[in-house]
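The structure appears right after this line, and notes come after that.
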Amino acid sequence: MKAKFDREMIITSKEIPPPPLEDIRVALEKALSENYKEAQVEIVDCPNLTEAPFGLAAPGLGGKTALADVGGVPYLVPGPAKWLERVYNLDHTASQVDIPGALVIGAGAGSKHDVGVNSELIPNIRTRGGENKRRNLTHCSRIDPADDSKSLLLRYEEDLNSADFTLLGNLFFSEGKSSSKVLKVTTKTRTGTEGSIVTCMRKGLAEAFSVPVGMGGTFLQAAGTVKYHVMPEFSACPLDSDDKVNAWLRYFNFEAPFVNMATFISKDPDLDLRVEHTHGYSTVNQTGGHYHYDVTPETIEYVGYFTPAQKIYRIDAPTETHMIGRD
């Protein structure tokens, strides 16, 4: 019998009022300029993000915003996995953070109940409960059962009729409004040592601000190749070290174009957070997975749109925790 997501959960939260957008812009541009040959961060009117190449389920990232860290890696490792009990739902989580009808993007683990195996969830959904029509454009990536050197991209609504996820999720919520200003980030040709644009931005904010700054957004891998992973079926042996986790995961180098959904926070305000998590997919190449870093620094190009979160939620946190597998 499928477990329920509407069970009682412990929820804690903290306000994380963001610094002025111009101050965030300056901090991000400084960090990115030290890592890429070309880097620019602008404050712009939000474009219609439902259009190609981003294809979000709502036009913008504006209005009320929040981050949520749901469940956690300790439910996955060292095992056995608790996927039977740790079931969540994107519509329900939007109501838990008090933004019904929210646009939800980010990263998580797909529902084994629906997918049949462990998988990478790429949330992209306008949830129910608001004035706008619900729209679920979420995808998931799983290992191909016929060939474990390949992955398969599934449409969560059309192929699985689901909005559930299990074990963990790192999510960004907004009212999906396009009326708010956003940060447009463009970079080209990596010259520094930080291969992840998300880590580069997070570290830049941590250096610039003494308070936690949370962010969410979407970015396009417009050129170049990036390393991603896809989780296989749950491990039969305990994953009690990062080395064992890395040996268990399946790694892929995926070509552009690739649309990524990112969440990150510069510092953990004592909530036992995963401070960054990014998943992405390509409907062009029919691939998806967990974003790591570029492997072609000379050709990598990114363009993305980001906005700060006003609040951070910790939902159903594991009581026994560790730092294994949080990269």
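Of all the residues in the range 20-46, those that are of a type outside the set (S, T, N, Q) and either buried (at least 17 other Cβ atoms within 10 Å of the Cβ) or modelled with pLDDT under 95 (or both) number 11. Of all residues in the range 223-273, those being under 16 Å from HIS139 (Cβ atoms) and either more than 16 Å from the chain's Cα centre (by Cα) or not β-branched (Val, Ile, Thr) (or both) number 10. If you check ASN253 against the conditions, is it part of a strand (DSSP E or B) and in contact with a His (Cβ under 8 Å, 6 or more places away or on another chain)? It is false that ASN253 is part of a strand (DSSP E or B) and in contact with a His (Cβ under 8 Å, 6 or more places away or on another chain). With respect to being modelled with pLDDT of 95 or more and not aliphatic (A, V, I, L, M), THR127 fits the description.
Among the residues of the range 227-270, those that are modelled with pLDDT of 95 or more and hydrophobic (A, V, I, L, M, F, W, C) comprise VAL230, PHE252, PHE254, ALA256, PHE258, VAL259, MET261, ALA262, PHE264, ILE265. For first residues located in the range 185-203 and closer than 12 Å to SER33 by Cβ, partners that are β-branched (Val, Ile, Thr) and surrounded by fewer than 19 Cβ atoms within 10 Å (Cβ to Cβ) and lie 6+ apart or on another chain with Cβ distances below 6 Å form the pairs THR186/VAL303.
Scanning the range 97-151 for residues that are more than 19 Å from the chain's Cα centre (by Cα), closer than 13 Å to SER174 by Cα and among the β-branched types (Val, Ile, Thr) yields no hits at all. Quick one: in the range 257-297, of everything that is among the hydrophobic types (A, V, I, L, M, F, W, C) and touching a Gly at 6+ places or on another chain (Cβ under 6 Å), which residue is farthest from ASP69 (Cα to Cα)? Filtering first and then ranking leaves PHE258. Filtering THR193, THR186 for residues that are polar (S, T, N, Q) and in a strand (DSSP E or B) leaves a single hit, THR186.
The values are calculated or read from the model by the stated rules, or taken from the named source; none is laboratory data. Given the structure is predicted, the values throughout are model-derived calculations rather than measurements. Backbone-built Cβ (ideal geometry, glycine too); neighbour counts: all protein chains shown.
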